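Trainee: Please read through the structure below; I'll follow up with questions.
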Amino acid sequence: MEQREIINDINNNVEQEPEAKVWYAIRVTFNREMKVKDDLDLRGIESFIPMKYVMAIRRGRRVKKLVPSIHNLIFFHIEPSVMKEYKATTKLPIRYIMNPATKRPVVVPEREMNNFIAVAGTYEEQLEYLTPQPGQFTRGDRVRILGGPFEGAEGVLKRVKGDSRVVVSVEGLVAVVTTSIHPSLLEKLPKKK
């Protein structure tokens, strides 16, 4: 065997490390985020949609209904190659949210997504969602919540409607504001560099 063939044979037999999953922020058109989530669930792909309870009238009765908090937004936890394949094969209307600076799809860091899910995943009725404005979240102390339904989440302490609340954001996409949190349940964190 020639040296090239031996090297190719070795390369082909070496097991490749599995591709790491990342969180993609995806836009879904026409309020079809729940259809996309159902499709992802059938395929065994992890996803997250911020949800909230609203009061609705069903058959003449008031009932609580769980609905998306932010329409047309879903997060996929998926390997890049699987995402590319899914996007190419699905007939559902999805598109990447692009980072204007890099012209690449937005990938949310794992820690940031975990903090966001820790708060938005509680379906707490008093949560408020904000669309970020440039510089909106630069003031205030970075804190970690030490107890209650938001325990472990990290964000920025703000005064909203006269109460101390924690703003947890997915940078450049969305932010969620907790309910009022007592200072004894907060731990100050060092500022981000």
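Trainee: Under the rule of at least 5 residues apart or a separate chain, name every residue whose amide H is placed under 5 Å from the amide H of S47.
Mentor: H77
Trainee: If each of E46 and A88 carries a label point 7 Å out from its Cα toward its Cβ, how far apart are those two points in nm?
Mentor: Placing both labels 7 Å beyond Cα along the Cβ direction yields 2.5 nm.
Trainee: Quick one: in the stretch 27-101, what % of C-alpha pairs are over 19 Å apart? Intermediate results must be reported in sequence, preceding the final value.
Mentor: Values: 1170 of 2775 pairs.
For the stretch 27-101, the fraction of Cα-Cα distances above 19 Å is 42 percent.
Trainee: Kindly express, to the nearest 10 degrees and within the range 0 to 90, the angle between helix 33-43's C-alpha long axis and the longest C-alpha principal axis of the chain.
Mentor: With rounding to tens, the tilt is 40 degrees.
Trainee: Okay, next question. What nm value, rounded to one decimal, do you get for the distance between H71 and R159 when each label is placed 7 Å out toward the C-beta?
Mentor: 3.5 nm
Trainee: When only the heavy atoms of the protein chains count and the probe is 1.4 Å, how do S81, S47 rank by accessible area, highest first?
Mentor: Heavy-atom accessible area, descending, gives S81, S47.
Trainee: With the crude spin-label approximation of a point 7 Å out along Cα→Cβ, what separation in nm comes out for T102 versus L189?
Mentor: 2.0 nm
Trainee: Now, a different point. When ligands, DNA and RNA are left out and all protein chains stay put, how many square angstrom of accessible area per residue does the chain have with a 1.4 Å probe? Could you put the intermediate results ahead of the total?
Mentor: Values: 12720 Å² over 193 residues.
In whole numbers, the chain has 66 Å² accessible per residue.
Trainee: Take the Cα gyration tensor of the chain, multiply each eigenvalue by 5, square-root it, and list the three semi-axes largest first, rounded to whole angstrom. Walk me through the intermediate numbers first.
Mentor: On the way: eigenvalues 270, 118, 45 Å².
Ellipsoid semi-axes (Å, largest first): 37, 24, 15.
Trainee: Could you give the length gained by full extension between E19 and A56, i.e. 0.36 nm per residue of separation minus their alpha carbon distance, to one decimal place? Write down the numbers at each step before the final one.
Mentor: Values: separation 37, 0.36 × 37 = 13.32 nm, distance 4.29 nm.
Taking 0.36 nm per residue and subtracting the Cα distance, the gain is 9.0 nm.
The values are calculated or read from the model by the stated rules, or taken from the named source; none is laboratory data. Quantities reported herein were computed from a predicted structural model and do not represent experimental measurements. Ideal geometry is used to build each Cβ from the backbone, glycine not excepted, and the neighbour counts take in all protein chains shown. Remember, those area values only see protein heavy atoms, side chains included, never the ligands or the DNA or RNA. Shrake-Rupley method; radii C 1.70, N 1.55, O 1.52, S 1.80 Å.
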